[in-house]
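Just so you know, all these numbers are worked out from the coordinates, no wet-lab data involved. As the structure is a computational prediction, the values presented were derived from the model and not from experiment. Here the Cβ positions follow ideal geometry from the backbone for every residue, glycine too, while neighbour counts run over all protein chains shown.
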Amino acid sequence: MSVRRLLTAAASAALMTGVAQAQEYRVSFDNAVHHEAQVSVTYRDVGSGPVRFQMSRSSPGRYAIHEFAKNVYSVSAVDGRGRDLTIDRTDPYGWTVPGHDGTVTLSYTLFADRSDGTYAQIDATHAHLNMPATLAWATGFDDRPVEIVFKPYDDSWKVATQLEPGPDPFTFAAPNLQYLMDSPVELSNHMVRQWTVDDAGVPRTLRLAVHHAGTEEEMDVFAERAKKVVDAQIAVFGDAPDFDFGTYTFIADYLPYVNGDGMEHRNSTVINNTRSFKEADFAQIGTLSHEFFHAWNVERIRPAELEPFDFTRANATPSLWFAEGFTNYYGPLTIRRAGVSTVDRFLADIGNQVNGVSNASGRRYGSPQEMSLRAPFVDAATAIDPVNDNIFVSYYPYGAVIALGLDLTLRQRFPGVTLDDLMRRMWQTHGITERAYRPEDLQTALTQVTGDAAFAEDFFARMIRGRDLPDFAPLLAQAGVSMEPVNPDAAWAGAARLPATGAPIIGGAVAPGTPLYEAGLDRGDQIVALGETEIDDQAGWIAALAAAKPGDDLPIRFLQRGVERSATLHLVADPSFRLVRMEADGEAITPAQQAFRDAWLGVPKE
């Protein structure tokens with residue numbers, strides 16, 4: 001059983017009545033204008049030994065290390081009678097109280113000024129709290145129930161969270177540390193819309209809490225779109241999750257001073273965007289769709305390596321291609337099926353991912369499983385030494401492209417079987433039961449839905465443990481979709497990032513196999529001339545390439561770490577492509593192709 005499961009109703013009630021010994025938090029925001037909170041936590045009946053407090057080093061939904069202790073200071077401790085206690089600090093991550101009377105209260109100041117799914121932000125407009133970035137905890141007491149009380153900075157503030165509501169609007173509970181740390185909180189004067197969905201006769205409440213500067217009418221438009229996406233995703237699984245406390249909460253900040261992000265949690269999600277609904281044309285629905293799909297895929301259909309979550313280290317799994325990548329496929333797909341976007345928009349989205357992964361040099365260095373295990377090095381991780389960008393393909397698009405190929409292959413080879421069937425099988429065997437899965441369980445599920453063990457073994461061997469991609473052209477043709485070159489007659493040297501103005505210095509990695517790479521150019525090199533044309537800036541480089549054609553061999557001169565070098569640049573055709581409806585190019589499609597497309601993408605009104 002998952003350690004993230006809730007207490008029994010009796011235990012939860014005991015927490016609220018004070019019978020159970022709780023981890024008792026108090027959080028206030030008197031100095032919010034300077035991004036500070038005052039936090040205290042009390043533990044009772046802790047025995048006579050030293051009590052170790054610490055801040056988390058990782059956060060649910062993130063796969064890298066984030067040193068949250070760096071923003072904690074002015075730490076003090078008292079015992080049950082309010083007497084000051086000695087604090088020992090021997091490492092950067094926590095504090096030890098060696099002597100006490102069985103009760104210890106730790107107090108500290110928290111600085112927080114980044115609003116996203118990982119960190120926290122406090123100011124006069126809101127307190128946006130990711131709990132691992134906010135709350136210290138004492139080791140050895142993880143299973144104790146939690147009480148947390150907030151003192152708002154502003155009288156207009158209210159609370160949006162998946163925590164269990166308490167006896168007043170600012171008191172909440174959690175069954176244990178795992179649930180607490182997975183429960184973000186937004187305190188602000190936000191707008192709220194809520195509705196229910198029917199889950200086999202049981203109502204489940206969806207709540208949309210948006211802190212923004214937009215209008216009530218814009219909020220209504222977004223809520224209506226959210227309702228349609230929620231319904232489309234429930235249709236994929238044929239079942240809504242049994243949300244704890246009966247409610248799922250979308251916690252959204254759409255403000256110029258936040259950081260764009262999305263982060264899934266068991267019964268809620270954080271969605272941030274710097275643009276308003278009007279500025280983004282409601283594009284935030286894309287993040288909402290992706291994160292809500294996680295309520296099934298990753299929160300309940302959960303990789304074994306993430307269960308329980310360890311807050312002291314990076315948490316990694318070889319299955320992010322499925323947990324994140326397949327979610328990245330279903331995000332835009334269910335928006336399309338909900339009628340909130342068009343076929344062309346969906347094809348543009350998934351087409352960009354197919355193009356990017358197909359042409360990515362990183363695939364030669366690892367499979368989807370390998371890329372999943374590299375997550376701690378790339379998931380918002382920071383380092384000052386340069387890395388080889390060529391060796392990584394994000395498991396988000398990599399998994400989405402695999403999902404697309406598998407979906408189309410299942411529809412082609414196994415009549416009546418789709419990727420939805422695989423997701424439902426995983427939901428039935430691992431989601432509803434909350435039995436964490438390993439990679440071999442995914443292969444077993446594919447065998448079960450196809451009835452073909454050889455097919456499942458071949459798929460996993462070649463495309464999950466290996467680096468193959470499906471042959472997309474014939475698969476897409478079933479739906480009347482073609483792969484169209486973007487610039488078939490354009491000469492191409494490689495995707496070199498040059499500054500818009502100034503000297504044409506390559507700013508990013510040069511991918512293996514590209515003409516620039518084969519000619520010996522690399523990051524930091526300055527292009528001096530191509531053929532007879534002197535290159536002074538990006539515009540000159542673009543013009544020189546436009547005057548050439550695929551197959552041309554041109555001399556190139558460049559400065560490499562102070563030395564001018566010469567080479568021959570063999571230009572090729574631009575490999576980029578896009579996905580388009582065949583009829584958009586004037587080609588008629590058959591009734592069979594239209595039926596296939598409708599079954600795949602749905603037929604709501606355009």
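Note on Asp101 and Asp88: their simple-model spin labels are 2.3 nm apart, each label 7 Å out from Cα toward Cβ. In the chain, the calculated helix contribution to ellipticity at 222 nm averages -7500 deg cm²/dmol per residue, counting -39,500 (n - 2.57) for every DSSP H run with n ≥ 4. Remark: the Cα gyration tensor places region 445-585 in the prolate category, a/c being 1.5 or greater and a/b exceeding b/c. Would you please classify the overall shape of region 491-573 from the alpha carbon gyration tensor, given that a ≥ b ≥ c denote the square roots of the eigenvalues, rounded means a/c under 1.5, and beyond that prolate means a/b larger than b/c while oblate covers the rest? Verdict is rounded for region 491-573.
Packing, taken as the mean count of other beta carbons within 10 Å per residue, orders the peptides 453-464, 70-81 from highest to lowest as 453-464, 70-81. Are there trypsin sites (Lys or Arg not before Pro) in region 510-606 that DSSP puts in a loop and that have at most 13 other Cβ atoms within 10 Å, and which ones? Those satisfying the criteria are Arg561, Lys605.
A simple rule links phi to the HN-Hα coupling: the Karplus curve 6.51 cos²θ - 1.76 cosθ + 1.60 with θ = phi - 60°, which for region 588-603 gives 6, 10, 7, x, 5, 5, 5, 5, 4, 4, 5, 5, 7, 9, x, 10 Hz, with x for Gly and Pro.
Stretching Tyr257 away from Ala453 to a fully extended chain increases their span by 65.4 nm, per 0.36 nm per residue minus the current alpha-carbon distance.
Rounded to the nearest 0.05, the FRET efficiency derived from the C-beta distance between Ala539 and Phe377 at R0 = 51 Å is 0.90.
Apply the a/c threshold of 1.5 to the C-alpha gyration tensor of region 459-498 and tell me whether it is rounded, prolate or oblate. Here region 459-498 falls in the oblate category.
Determine the distance separating the Cα centre of region 247-279 from the Cα centre of region 548-606; give it in Å without decimals. Using only Cα atoms to place each centre, the spacing works out to 33 Å.
Placing dummy labels 7 Å off each Cα toward the beta-carbon, the span from Asp553 to Trp195 is 6.4 nm. Backbone geometry of region 530-543 corresponds, through the Karplus equation with coefficients 6.51, -1.76 and 1.60 at θ = phi - 60°, to 3J(HN,Hα) couplings of 10, x, 9, 9, 6, 10, 9, 7, 4, 4, x, 5, 4, 5 Hz, x marking Gly and Pro. At an R0 of 60 angstrom, the distance between the Cβ atoms of Arg26 and Arg465 translates into a FRET efficiency of 0.75.
Run through the DSSP bridge list for region 191-306 and note the antiparallel percent, rounded to the nearest 5. If we restrict to bridges inside region 191-306, about 45 percent are antiparallel.
Region 385-429 and region 109-168 have their alpha-carbon centroids 36 Å apart. Tell me, what is the FRET efficiency for Thr312 and Ala473 to the nearest 0.05, using R0 = 35 angstrom and their Cβ-Cβ distance as r? Step by step, r from the Cβ atoms, then E = 0.15. Label positions at Glu216 and Ala592, each projected 7 Å from the Cα along the C-beta direction, are separated by 5.5 nm.
Computed from Cα atoms, the angle from the helix 439-450 axis to the main principal axis of the chain rounds to 70 degrees.
Seen from all directions on average, the chain presents a Cα convex hull projection of 30.9 nm².
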